[in-house]
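Visitor: Below you will find the structure I want to go over with you.
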Amino acid sequence: MRARAGAVAAAATVMAMAGVLVGAPAATAKGGEVGGTGSSYYLSDTFSTKANVEFTYGRPGDEVFVGDWDGDGRDTLAIRRGATFHVRNTNTTGGADYTFTYGRPGDIVLAGDWNGDGRDTLAVRRGPVYHVKNTLTGGPADQEVVYGRAGDAVLVGDWNGDGTDTFAVRRGAEYHVKNSIAPGKADKVAVYGRPGDSVYVGDFDGDTLDTFTVRRGAQYFIANQIRAGEADRTVVYGRSTDTTMVGDWNGDGVDSLGVRRDVQPAPVQPPDGPGGSSEAAQALAALDRIDVATSLAGGYDRDRFGSGWATTNGCDTRNRVLNRDLINISHRAGTSGCIVETGTLQDPYTGKTINFVRGVGTSNAVQIDHVVAVASAWRLGANAWTDAERRAFYNDLDNLLAVDGPTNSSKGDSTLGEWQPPNSAAHCAYAITYIEVTYEYDLALTYGDVAYARELLPTC
């Protein structure tokens, strides 16, 4: 990978999130969680003081990672919710291009090109043990390695220009760089900056070698070699309060800066009443920004959403959902943890426990529901999308749930105001998800949908 985000957090709360001990020198990782909040991003393809790319992605509270996920040479964003990652392959506003799960919700996650194939993937860190995965899929790690100490601040980079990312640990202003994913002593030890500096990693001069930059306020002191001494270049970008990212945003082989900011409207106060969750409040606020349909598009054609579940990195969407939503799972041998043979579903729609067994006559006991039904989406705006956008919607895990088969069949293509799960305990979560997906994809709601949501959400 030619560049990943890696803002080294200075705040104790961010350090704790990134797994860095409070009181340790501020550092997370190139490839680590960006930190901060907000869903607005301002990228500069050069070291200009002005961004030339602006877009929004995800939610303000999402965990954000930067990487070249598809191998096209350009770094883009992935957001993490729990153990699910939502990857977008362009720096534009829109939904995820690919969704998968890896690790546990509380894991410390790093991104890097661990095998030199030009694509960034994930590793999870548990103490000094790194569980490295070479594909954007679930399942067991491809490699496990021990390096450094459990309390070390860790950075990721291609330190020797061989196209493979490895680890460095930071102790104060000292960096212990390793050029292979293997235990043992560092290959190089260098000192740069001050112990309290915020540190970023990138290839800032296009020579294929990742090096360090330290940040003080809105100033960045860039060194183009891993060495002690003065910076090779000093630049100013953004505000001193910004959350900074590093990436090769335009694929020119040179890393530059970007910032994440929370420029959303002022937080909405939870509604009065027995509920008052922040998620419900945000859904209520979103209702004011969603169009209400005055007519419904005709001509629905299921084939315009693709030929079925998409397969990415050897695993289809249905099995990705089953892997996410079921417990006590067993997999078919030789499928790299993809195909689910058996498992248990705590069905959100009915509250029942369903034992899933793959096979003729049994697989349909658990079906995959589009919360916003495909036919409804067509009538409420998806008819105007491209076929590629419709395929992405059809396979977006944010809009998919594993549920009781007969109940899903009874729902059909009903909208929010027309159908709710039989299990009343699921009504709030179902409605919030329905509105989030509608808002994210710029679809419309019916008058009945809006009326139902306005009645329900204040109680959530």
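The values are calculated or read from the model by the stated rules, or taken from the named source; none is laboratory data. All values reported here derive from a predicted model rather than from experimental measurement. When we count neighbours, we look across all protein chains shown, and the Cβ atoms used for this are built from the backbone with ideal geometry, even at glycine.
Visitor: Considering every residue within segment 68-75, establish whether at least one is in contact (Cβ under 8 Å) with a residue 12 or more places away in the chain, out of contact with any Phe, Trp or Tyr (no Cβ under 7 Å at 6 or more places or on another chain) and within 23 Å of residue 323 (Cβ to Cβ).
Guide: The answer is yes; a qualifying residue exists.
Visitor: Confirm whether residue 122 is touching a Lys or Arg at 6+ places or on another chain (Cβ under 6 Å), buried (at least 20 other Cβ atoms within 10 Å of the Cβ) and under 23 Å from residue 392 (Cβ atoms).
Guide: yes
Visitor: Applying the selection to segment 137-166, what residues are closer than 15 Å to residue 116 by Cβ, buried (at least 21 other Cβ atoms within 10 Å of the Cβ) and within 24 Å of the chain's Cα centre (by Cα)?
Guide: 156, 157, 158, 165, 166
Visitor: What number of residues within segment 127-175 are small (Gly, Ala, Ser) and outside any loop (DSSP other than H, G, I, E, B)?
Guide: Result for segment 127-175: 3.
Visitor: Pairs needed: first member in segment 316-327, under 12 Å from residue 369 (Cα atoms); second member anywhere, assigned to a helix (DSSP H, G or I) and at pLDDT below 95; C-beta distance under 7 Å; at least 6 residues apart or different chains.
Guide: Listed pairs, sorted by first residue: 321/397.
Visitor: Just a yes or no: is a residue in segment 357-380 more than 24 Å from the chain's Cα centre (by Cα), loosely packed, with under 15 Cβ neighbours inside 10 Å and charged (D, E, K, R)?
Guide: No, every residue in segment 357-380 fails to be more than 24 Å from the chain's Cα centre (by Cα), loosely packed, with under 15 Cβ neighbours inside 10 Å and charged (D, E, K, R).
Visitor: May I pose another question? What are the pairs, 6+ residues apart or on separate chains, where a residue within segment 434-446 that is touching a residue at least 24 places away in the same chain (Cβ under 8 Å) has its Cβ under 7 Å from a residue that is among the polar types (S, T, N, Q) and in a loop (DSSP other than H, G, I, E, B)?
Guide: Going by the 7 Å Cβ cut-off, the qualifying pairs are 446/415.
Visitor: If only one of 332, 289 is more than 30 Å from residue 382 (Cα to Cα) and among the basic types (Lys, Arg), which one is it?
Guide: 332
Visitor: Residue check: is residue 200 crowded, with 17+ Cβ neighbours inside 10 Å, of a type outside the set (A, V, I, L, M, F, W, C), assigned by TED's automatic domain parsing to the domain that holds residue 44 and within 20 Å of residue 228 (Cβ to Cβ)?
Guide: Judged against the criteria, residue 200 is a match.
Visitor: Please work out if residue 454 is assigned by TED's automatic domain parsing to the domain that holds residue 327, buried (at least 16 other Cβ atoms within 10 Å of the Cβ) and basic (Lys, Arg).
Guide: Against the criterion (assigned by TED's automatic domain parsing to the domain that holds residue 327, buried (at least 16 other Cβ atoms within 10 Å of the Cβ) and basic (Lys, Arg)), residue 454 does not qualify.
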